[in-house]
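Each remark here refers to the structure printed beneath this line.
The values are calculated or read from the model by the stated rules, or taken from the named source; none is laboratory data. Only a predicted model underlies this, so the values are computations on that prediction, with no experimental measurement involved. Every residue, glycine among them, receives a Cβ derived from its backbone with ideal geometry; neighbour counts consider all protein chains shown. The accessibility values were calculated without ligands, DNA or RNA, using every heavy atom of the protein model including side chains. Shrake-Rupley method; radii C 1.70, N 1.55, O 1.52, S 1.80 Å.
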Amino acid sequence: MGDWMTVTDSENKNISQYTSETKMSPSSLYSQQVLCSSIPLSKNVHSFFSAFCTEENIEQSIAYLDQELTTFGFPSLYEESKGKETKRELNIVAVLNCMNELLVLQRKNLLAQENVETQNLKLGSDMDHLQNCYAKLKEQLENSRREMIGLQERDRQLQCKNRNLHQLLKNEKDEVQKLQNIIASRATQYNHDMKRKEREYNKLKERLHQLVMNKKDKKIAMEVLNYVGRADGKRGSWRTGKTEARNEDEMYKILLNDYEYRQKQILMENAELKKVLQQMKKEMISLLSPQKQKPRERADDSTGTVISDVEEDAGELSRESMWDLSCETVREQLTNSIRKQWRILKSHVEKLDNQVSKVHLEGFSDEDMISRQDHEQETEKLELEIQHCKEMIKTQQQLLQQQLATACDDDTTSLLRDCYLLEEKERLKEEWSLFKEQKKNFEKERRSFTEAAIRLGLERKAFEEERASWLKQQFLNMTTFDHQNSENVKLFSAFSGSSDRDNPTAHSRPRQKKPHSVSDGSPVCTSKLARSLPASPSTSDFCQTRSCVSEHSGSVSALNVTPEESRPSQAGRECADQKWSVASRPGSQEGCRSGCSLTYTNSHVEKDDLP
Amino acid sequence: MNFSEVFKLSSLLCKFSPDGKYLASCVQYRLVVRDANTLQVVQLYTCLDQIQHIEWSADSLFILCALYKRGLVQVWSLEQPEWHCKIDEGSAGLVASCWSPDGRHILNTTEFHLRITVWSLCTKSVSYIKYPKACQQGELAKAAQKFLKSLAFTRDGRYLALAERRDCRDYVSIFVCSDWQLLRHFDTDTQDLAGIEWAPNGCVLAAWDSCLEYKVLLYSLDGRLLSTYCAYEWSLGIKSVAWSPSSQFLAVGSYDGKVRVLNHVTWKMITEFGHPATINNPKIVVYKEAEKSPPLGLGHLAFLPPRAVAGPLSSPESKYEIAEVPVSLQTLKPAADRANPRIGVGALAFSPDNYFLATRNGDFQVLSLCWHLSGDSLALLGKDHFCLCFLETEEGVGTASGQRGDHT
């Protein structure tokens, strides 16, 4: 473009230089100006603008502009010349108008340019896009072409294989056929050979037969001691033509019998089957006839045919039953009617199926009908539940069995066994200890009771002695009143006084003596108690009282014992029994002479305890 | 199970009388008749030479002893021990001998199956039947003699069917046993007739071809062909045939290891039983021997209710346990390149009550299958094992008990 600055140096020269050297016409300058018009006005432009027209070359620039504008169709810048004068006046209005026009033009051009540019861009992008698409499609086309070629190749190969296999198959078939032909031919050959050999063989046989038969002198004979009667006892008969006829008759009779028997069987079977068919038909009719009451709105052919069929079949039934033979027409009628009924039943069932499916689709429209799926689901659920329950039961059973069955290990079994009984054992131990305590207590009590009984006995004895002395005193008093009184009193007192002293001794002595003279207890007592004049009744009384006491004590103790000894300990009870008897022993051995021998063993022990 | 003492026996000749009262056994050339309950010797007969075959007459009054080497047949009577009868075939030789159902005729087959001679004990008359066929019985009779299956008497003893071969064609002749008159004579459409058998009701005769061709022909008593049945071609065919006691079914066992049952109304196959090597059906109960001795496995019994598979015992004490399905049976692969290979269903036996069918397949060492008359137990006899299977009728579950038997 050149340096704008040089233009400002000298306008004319530059312009001419410009035009001559660079061959730039004002139009090119102009176009440059247009191109640079989009650029916002800058200093350069300013400078350029100022470079075109300076104060010196106003006229030339005006003339140039006018020339250019007129060539573009704008009105002239000069005022209309009045005459041919050298200088024309500048028409400012025209200038301004031209300027305005130019501006408008400029704007229009700018817009157009923008549009064109955007369109250009668009077109460019479209072009790119299309080119991409084109490239892709080309690729795809290539690929598909390649694929097609590959498939074609494969197809060709498979067809080749197919042809080969067909060929093989044909070959095999041919071979098979050939082999079969071979076999057939060989078979005929063998047959032929066989026949030939057989003929030869037959000839030999014939020859042999002749030889054999010829030798009549040989002993082909039967020796029998005596004839045996026929099996059925009848005589033999000659062979005549009659017998032949008879044989034939018999044979035919046998055959006929067999056929008749078979026919009977078949007839029976037929009758049964017919009955079954008729039953089936009746049942089918009864199944289908309730449809009659159903909505008659549906003038279906099925219901119509059912009714008609029912009537028809009723008629047929009567006819059939009347004849009841294996008549051709009857058989046909029966089979036809059954087929009809079966068709009706089938259609009915199909309708039901459709209904069910429809209901299932639409939801529960009918209360009675449960959709099949729900039903199935329910059944599945129930089955699952049942299975669960069964499994549970099984596991429980297994556990139970494990518990009850003995374990394989000895130690564990013994442990297990023990552990079940451990509680019981503990309980038992406690009870034992309790029982022992109670036993001890009881023993103590018994001892105290025996002591009390002994004391009681002693006191009684003393009392008896006192009584006896008192009686004596009385008796003496009755005879010698004064004397005795003092004696009695003395006795009594002596007795009473000494009774306490003597009685124990008196008591002890006979007691001590007792073990030595067990056998005759009563006389000992009497002898010992002679001092105190014990009349035998008194001694017996004493003994009785003793026994009573002991018994009482025994009973008392028994009474005491039984509530205490409620626990079952047989051994303890026995011991107690023994003790009772032992306790009673020293006191009333006479009374209780039937003491058990066992008690005797314990007596020694008890003896020590007694005071 | 108790066993009596061991008695001497030769050639496996030991038979109970048809009425069950006596037991006849042979020792060399002696015939010993014992009481069946006490096993005391009742009679003792002496024959001229070693005995090869003995047979009781149907009324248990006579015993025939066949001496093949000498061509002699000696008949003894139980009622009269001094009675004797000797039949000499002379140079014709003797190959087989049997009683007629009335117990008064003896049918001797001469050597090379030249003819069958019918000797009558009542009239001392002789009849000859020419060209009998030499059919072989199956393996069941291997232990004993090979008796002809070309002769078949009806169960009531009225008729005799005889397989013949003339001019390379097979024929069947039907005779009336009372007077040995020929009733019917017809040819069969077989390559090589292997055997004939009457149905128990005496009205149908089954004839089957040799193992090279699978063909079963059914003739009525009067000689009409009722039906033929052929399961497959080219492979080895029929091995054994058995009628059910009610004549309703005909079981055909073949070399492919399957049993096909035909019904008497249409003579078509109603069902087919296989002998698979592995048992998968959970409804079948398999009993397996607990002891692991070299198991000579017995064939298994197959029918709709669960069946039992019994293994033989090797020691007196052993128990059976129920094996878990699937069970694979041990099978021995026989030599396939020989004639008459030991494959296929060789033995068939219907139970007397018509409920069960026992079959033996393959090379299992079962020599005979025998049902009890009540139809609830089955005796299996092997070479040196004896097994008794007891079936509960409710569910058809079988328990098996076996014992080692002496070689009888």
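Points worth noting:
- Qualifying chymotrypsin sites (Phe, Trp or Tyr not before Pro) in region B:1-83, where qualification requires a DSSP coil assignment and no more than 12 other C-beta atoms within 10 Å, comprise B:Phe3.
- Amide hydrogen neighbours beyond the local backbone of B:Gln181, cut-off 5 Å, H modeled: B:Val176
- Residues in region B:90-123 that, when all protein chains are in place, have 30 Å² or more less accessible area than the chain alone would give (probe 1.4 Å): B:Ser91, B:Arg104, B:Phe112, B:Leu114, B:Arg115, B:Trp119, B:Leu121, B:Cys122
- Given B:Lys69/B:Lys130; A:Lys282/A:Lys381; A:Lys242/B:Lys86; B:Lys215/B:Lys383; A:Lys203/B:Lys258, the pairs whose alpha carbons are separated by over 28 Å: A:Lys282/A:Lys381; A:Lys242/B:Lys86; B:Lys215/B:Lys383; A:Lys203/B:Lys258
- Between chain A and chain B, the total buried accessible area stands at approximately 4500 Å², from heavy atoms with a 1.4 Å probe.
- Kirkwood Rh (inverse of mean 1/r, distinct Cα pairs), region B:1-89, angstrom: 13.2 Å
- Under 5 Å, built H, 5+ apart or other chain: amide partners of B:Thr271: B:Val261
- Accessible surface for region B:187-281, divided over its residues, is 37 Å² per residue with a 1.4 Å probe.
- Computed over neighbours whose Cβ is under 10 Å from that of A:Phe74, the net charge equals -3, Lys and Arg +1, Asp and Glu -1.
- Separation of region A:175-193 from region B:196-258 is 25 Å, based on Cα centroids.
- Per-residue mean of C-beta atoms belonging to partner chains within 10 Å, peptide B:192-204: 2
- Local electrostatic count at B:Gln50 - Lys and Arg +1, Asp and Glu -1, tallied over other residues with Cβ under 13 Å: +2
- Cα centroids of region B:67-86 and region A:431-469: 115 Å apart.
- Amide H contacts for B:Gly103 (H built 1.01 Å from N in the peptide plane; partners 5 or more residues away or on another chain; cut-off under 5 Å): B:Ala58.
- Cut-off 12 Å between beta-carbons: net charge of the residues surrounding A:Leu256, Lys and Arg +1, Asp and Glu -1: -3
- Added length on full extension, which subtracts the Cα-Cα distance from 0.36 nm per residue, A:Glu260 to A:Asn191: 20.6 nm
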